[in-house]
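Structure first, commentary second.
Read the figures in this text as sums done on the coordinates, not as results from a lab. On a predicted model such as this, the values are computed, not experimentally measured, just so you know. We place every Cβ from the backbone using ideal geometry, glycine too, and count neighbours over all the protein chains shown.
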Amino acid sequence: MATKTLKVLFNSFTVTKKESCHFEGAARLRNLKIPHFARNDKHNVNLFNSSTIVNGFHSSRIAMGKILSGFIPSTMRGFVRYLFCLAGILFLSIAVYNSQSAAYSPQSSTAAPTVTTDTSSQVTYNSATLRGTVNANGLSTTVWFQYRIVDGPSKTTVSTQTVIGTSDTEVSFNIIALLPGTTYYYRLAAENDAGTVYGDEVSFTTADIKTPHTTDITSPAGSININNGDASTNSSNVTLGLSATDNIGVTGYYLSTSAIPPSPYAAGWTSTTPAINYKEDVSYTLSGGDGKNTVFVWYKDASGNISDGASDSIIVDTTPPEITITNPTSDTTFKTTSKTITIGGSASDSTSEVHNVVWSASTGEDKMEGKTIRWNISNINLTEGDNIITVKAADALGNTGIATITITRAEGTANPPAVTTGHATAIKTDLATLTGIVDPQGLPATAWFQYGTNSESYSHTSSIVNIDSSSVDMPIDNHISGLLAGTTYYYRLAAQNSAGAAYGSEMSFNTKPPKGKISGYVMESVNGKPIESVRVRLKGTKARKNTFKVAFSDADGYFEFSELDASMYDLFAIKTGFKSISQVIELAEGEENIVEIKLGSIQKEEQKRDLFEEKRGTATPHITPDKPEETKPEAQNPK
């Protein structure tokens, strides 16, 4: 019997024998299509090299190699010959199946590329743009498209693209020479050292050449509002009012907190029912926290035209105001023998203004306080025992901050005075009046102010004020002097009775800046003699309320303007018989500026000019009145 040798390689195997072997017809193994065969003259089974079609696609990138079409020894007959051929075909099927499974696995390796076939764009009657997304997974990856029509040959894009990196990358290919009114099927392919991967199959249909086409290049026009244009809100959940128009219909919108325009194919577009006039309210959650939040929107139509960006902003404030009680104490409890009490404190809000301060007591009494930054509530009635007082501060958006204090009223219990530091008034460069309120808690008390130029460090003490025993608030006023101009002073009210001392909260004020002075002399410009009774006028040029002062020079020509703020001033000097003059003076805080004004006599100026002109020989001659010319009698002709 003749010797037969079977050699199996990766993607190919060969059978050699001395006897002839043949296999009639074409074979189809699973989804492997073998189009033709060939033989040689030495009766060896020929191998064919054919591209592979998987799921109907033709790919020149995948080489299956040479595949044995079949072999049948001529010496075998009957049933044995049939079994031998059946076994050979079965072996070939298993080998090809395993090869195809390895080559065409969608994700054969963790390092193999990840591909997604996206929708096509710019489809005409004979061209289209195929799009997809590729992640090279760290290896240099070659990308291309395969496309075909139903039952037609597969084609591959002529050019390829190379993608690197580990992030998703958009790719696109333009294909031409398509058939009008025809459905095409396509998929994205990518290959790197770890394998070849194919995306899902997607289709598009070219336009019918018989149908008239127009190119739409008009972008939609749109707008957006947040909560119907409200300026502020106390919630991050808002409603966006979207509105846009387009000549062929709005098909989607894109929302973002960034002003960077998106591409028509970017992730994040929200599709809408196509409409020429689109309008919709959309729920949206702001992500910027408290403060100004801005939302941008773009609209697109069916042709992929994108509108200009539109935006709207809103202030988000979800934080309640901060409210504190500082009087009669900053603690949460206080004891007193008084039947009434005054409480005070402060309220602030970082985003919105404090709208109101409302207090309520456990006795059922309540009141709204109009002062919102520094608030003070007087004569709150107290019952014997615990009195819980709650103070609420609300901002314009309804956010509410709460502070409470428990005041215990007990007969015969002595407490230090309740002290509230007030505002400074009548502030000058070196003077000020300090105010406050003291409740002596029914005992004789004394009160005074502590003040200085350093916070919480007081170098000076005002005069002491004696207070008779009382259970009502006593106003305290104290005048202090000897202050430095243009300086910040810190102060607080202190009070003491037999039960102890108490101190109000620290406050501050700024003394007026030092005043400046402008003075000088007015003299004749020729001989330097002082000029008396010159009207000197000073006018400020920068201050909101322009300073306007007038002074007259004395016998020495001296004038003076004092108590002047730092500013720019215009100075005018005017006197009959002299040429007026003006000049600009810049005065700093506390500066004394001395100026010298020289006025020229109008008469002397004219004499000086005449003298100068005479020296040049151009003096104007003095003209005397014209006399009538004497006429000589005409000679009479003798007759």
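At-a-glance table
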item	result
Within-15-Å neighbourhood charge of GLU170 [Cβ basis; K, R +1; D, E -1]	-1
Neighbour cut-off at most 10 other Cβ (10 Å), DSSP loop, trypsin sites (Lys or Arg not before Pro), region 487-549	ARG544, LYS545
Neighbourhood net charge (12 Å Cβ-Cβ; Lys/Arg +1, Asp/Glu -1) for ALA551	+2
Reachable aspartates and glutamates, given that their alpha-carbon falls under 19 Å from the alpha-carbon of LYS515 and they are not under 8 places away in the same chain	ASP430, GLU560, GLU563, ASP565, ASP570, GLU586, GLU589, GLU591, GLU592
Separation between Cα centres of region 235-264 and region 400-450, rounded to whole Å	58
Over 25 Å (Cα to Cα) - which of LYS549/LYS575; LYS542/LYS579; LYS512/LYS539 fall in this group	LYS542/LYS579
Alpha-carbon centroid distance for the pair region 287-324 / region 477-509, whole angstrom	48
Those GluC sites (Glu not before Pro) in region 369-459 that DSSP places in a loop and that have at most 14 other beta carbons within 10 Å	GLU384, GLU411, GLU456
Neighbour cut-off at most 10 other Cβ (10 Å), DSSP loop, trypsin sites (Lys or Arg not before Pro), region 224-327	none
Under the Debye formula (equal points on every Cα, no solvent term), log10 I(q)/I(0) of region 113-155 at q = 0.19, 0.20, 0.23, 0.35 Å⁻¹	-0.73, -0.79, -0.92, -1.19
